[in-house]
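This report refers to the structure that appears directly beneath it.
The values are calculated or read from the model by the stated rules, or taken from the named source; none is laboratory data. In this text, all values refer to a predicted model and were calculated from it rather than measured experimentally. Glycine gets a Cβ as well: all are built from the backbone with ideal geometry, and neighbour counts include every protein chain shown. The protein model used for the area step is the full one, side chains on, heavy atoms only, and it has no ligands, DNA or RNA in it. Shrake-Rupley method; radii C 1.70, N 1.55, O 1.52, S 1.80 Å.
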Amino acid sequence: MKRLAETLGAVVARRDAPGGAAILFSGQDILWSGTAGVRDASRASPLLLTSKARVASISKVATALTLLKLVEAGQIDLDRDISDALGFHLRHPKFPKSPITPRMILCHTAGIRDGENYRGVVGETLEGFFVPGGKNWNDGKHWADTAQPFGFFTYSNL
């Protein structure tokens, strides 16, 4: 774990990035976490584990590859309800009886969109964005306001 901290620090020292954060998981347990550098190019604020940051579209590639590996292993079906895999009931509030599938999420056709906030911090859950009363629920603004259930493209960073 010391090597992880050193590597993170070296990336910042080489100025490959103004700052970075890394977390090593085993299952749901955090084995190590750390930060190096600053939050932005102004170099005014240190990067902390509680700092919010966009991971941008690079997370989509990692998520899609991971999901497709699970499909290959027979652990996920692209056309079945994603709720069991997520561990919470994912439904568009206007269409509570219509399941959302992994394929819909990958193709941006599940009615999920960016609300005012789509950044989370370590310890917050994805469920908090999509379930009423969740920490990042934001009055349901992460759901497209539409008359039809699904099948239309709605971009989301979530």
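Selection of region 92-115 for residues being farther than 24 Å from Leu68 by Cβ and in contact with an Asp or Glu (Cβ under 9 Å, 6 or more places away or on another chain) yields Lys94, Gly115.
Before we move on, is Val122 β-branched (Val, Ile, Thr), more than 28 Å from Lys52 (Cα to Cα) and open to solvent by 40 Å² or more (accessible area, probe 1.4 Å)? So Val122 fails the test. As a summary of the residue check, Ile58 satisfies the conditions (1) under 18 Å from the mean Cα position of the chain (by Cα); (2) at pLDDT 90 or above; (3) within 19 Å of Gly120 (Cβ to Cβ) except for the one numbered (2).
Check Gly111 against each of (1) open to solvent by 60 Å² or more (accessible area, probe 1.4 Å); (2) more than 26 Å from Phe25 (Cα to Cα); (3) of a type outside the set (D, E, K, R) and name the one condition it does not meet. Unmet condition: (1). Annotation: Phe95 fulfils all but one of (1) over 17 Å from the mean Cα position of the chain (by Cα); (2) surrounded by fewer than 16 Cβ atoms within 10 Å (Cβ to Cβ); (3) over 19 Å from Thr146 (Cβ atoms); the unmet one is (3).
One residue stands out in region 19-40 among those that are open to solvent by less than 90 Å² (accessible area, probe 1.4 Å) and under 23 Å from Asn117 (Cα atoms): the one that is modelled with the lowest pLDDT, namely Asp40.
The set of residues in region 61-92 that are open to solvent by 70 Å² or more (accessible area, probe 1.4 Å) and under 15 Å from the mean Cα position of the chain (by Cα) comprises Val61, Thr63, Leu65, Thr66.
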